[in-house]
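Have a look at the structure below before the remarks.
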Amino acid sequence: MSQALETPDQQIAVLEANVLKICQVCDQGYQALGEKGTVIVLRQLENPTLELEDWQVKYRPLSRIDDILSDWKQTPLQDMIIRYNPDVSVVCTFLYPNGAHTSYHFGKVSPSD
């Protein structure tokens, strides 16, 4: 597998800056499809800003992960998806143009009222 084009610290900064968007995409995808999966964050290094645009954040259910990540079963992503509870947490996967991907599992936050 190719090397991720951002450091873990850079990826965490993107997650923190977009946590509400990521959680909303996950909730909507899970509710619409009724199937566990991962939020795919499409990263382009021509635009390495922290703020993600809508096209960069997509929900991919378990049954369709192979369409975009052919080696996901050989990575920690498989265990993350099997073990997480979509009602209280999110699995988020960064995907880069070179095919590299890195996944994170984190708890959801509620927007402030």
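The set of residues in the range 1-60 being open to solvent by 30 Å² or more (accessible area, probe 1.4 Å), within 21 Å of Arg83 (Cβ to Cβ) and touching a helix residue (DSSP H, G or I) at 6+ places or on another chain (Cβ under 8 Å) consists of Glu35, Lys36, Tyr59, Arg60. Flag: Thr102 matches the condition of being touching a residue at least 24 places away in the same chain (Cβ under 8 Å), part of a strand (DSSP E or B), over 16 Å from Lys36 (Cβ atoms) and polar (S, T, N, Q).
For the range 61-78, a residue qualifies if it is hydrophobic (A, V, I, L, M, F, W, C) and open to solvent by less than 60 Å² (accessible area, probe 1.4 Å), and the qualifying residues are Ile65, Ile68, Leu69, Trp72, Leu77.
Could you pull out the residue among Leu69, Leu15, Leu77, Leu20 that is part of a helix (DSSP H, G or I) and modelled with pLDDT under 90? One residue alone meets the criteria, Leu77.
The values are calculated or read from the model by the stated rules, or taken from the named source; none is laboratory data. In this text, all values refer to a predicted model and were calculated from it rather than measured experimentally. Every residue, glycine as well, gets a Cβ built from its backbone with ideal geometry; the counts of neighbours run over all protein chains shown. Keep in mind that these areas ignore ligands, DNA and RNA; they rest on the heavy atoms of the full protein, side chains included. Shrake-Rupley method; radii C 1.70, N 1.55, O 1.52, S 1.80 Å.
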